[in-house]
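Engineer: Got a structure for you, written out below as structure tokens; questions coming shortly.
The values are calculated or read from the model by the stated rules, or taken from the named source; none is laboratory data. Small disclaimer: the values here were computed from a predicted structure and weren't measured. What goes into the accessible areas is simple: the full protein's heavy atoms, side chains included, and nothing from ligands, DNA or RNA. Shrake-Rupley method; radii C 1.70, N 1.55, O 1.52, S 1.80 Å.
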Amino acid sequence: DYMPTEAFFGRYLAPVTTVKGSRQISKSSFLAARTLTLALAIPYFKILFVFPLYEQVSRFSTQYVRKLIMESPIAAAFSGQGTEKSVLTRSFTNFSKMSFSFASLSVERARGLSVNLLGIDEIQNLDPRFLPILLETMSASRVQDNKTGKSHRVSFRYNTGTPLSMDNIDRKSVV
């Protein structure tokens, strides 16, 4: 029931969603809630969050994602014995997984990962040269249709951040 984010929780997902907004408008809350919803709804769904700094990873993982899981009876039902609950990895009983990484100086931590959704927060502080490598994590993304059993190539990306100047990552490099 929070009007500014209503459109983000619609039935249809855009392949790329970019949210550029001022401070304190719930960008991180939206990113955590939307991706946690997808992880719980789609078995084997893999998500990678990338932030410029480890401190941002830790804050997002514990204050947003962990808090949502702990306070939600639905999310809590998907978390339990045998699931990972660390700052850098959260896994669920439906075999979905959230990985958290940082890329201030290097993007090496993300190399080799295969994900269905890439969430980049604080994108205004990310080195634009890292984007092609991060986007490659979704190159093999597939999701199985439960009704037909067919596998479809599908990937999603969320870019969120607060523009600090006119020289942030430009629209062409984000799209």
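Engineer: Compare Met70, Met138 by solvent-accessible area with a 1.4 Å probe and give them largest first, with all protein chains kept in place.
Structural biologist: Numbers: Met70 135, Met138 15 Å².
These residues rank, largest area first, as Met70, Met138.
Engineer: Per the Debye formula with a single identical scatterer at each Cα and no solvent contribution, what log10 I(q)/I(0) holds for the stretch 48-175 at q = 0.09, 0.13, 0.17 Å⁻¹?
Structural biologist: Listed by q, the Debye log ratios stand at -0.29, -0.60, -0.97.
Engineer: Moving to a separate point now. Taking all protein chains in place and a 1.4 Å probe, what share, in percent, of the accessible surface of the stretch 25-175 do carbon and sulfur account for?
Structural biologist: 55 percent
Engineer: Which of the pairs Lys27/Lys67; Lys67/Lys97; Lys85/Lys147 have their Cα atoms more than 20 Å apart in this structure?
Structural biologist: Numbers: Lys27/Lys67 16 Å; Lys67/Lys97 16 Å; Lys85/Lys147 31 Å.
Correct reply: Lys85/Lys147.
Engineer: Right, another one. Leaving out ligands and nucleic acids, note down the accessible area per residue over the stretch 53-113 with a 1.4 angstrom probe, in whole Å².
Structural biologist: Normalised by residue count, the accessible surface of the stretch 53-113 is 60 Å².
Engineer: Please work out how much length the chain gains when fully extended from Ser104 to Leu88, using 0.36 nm per residue of separation minus the C-alpha to C-alpha distance, in nm with one decimal.
Structural biologist: Stretched fully, the Ser104-Leu88 segment lengthens by 4.2 nm.
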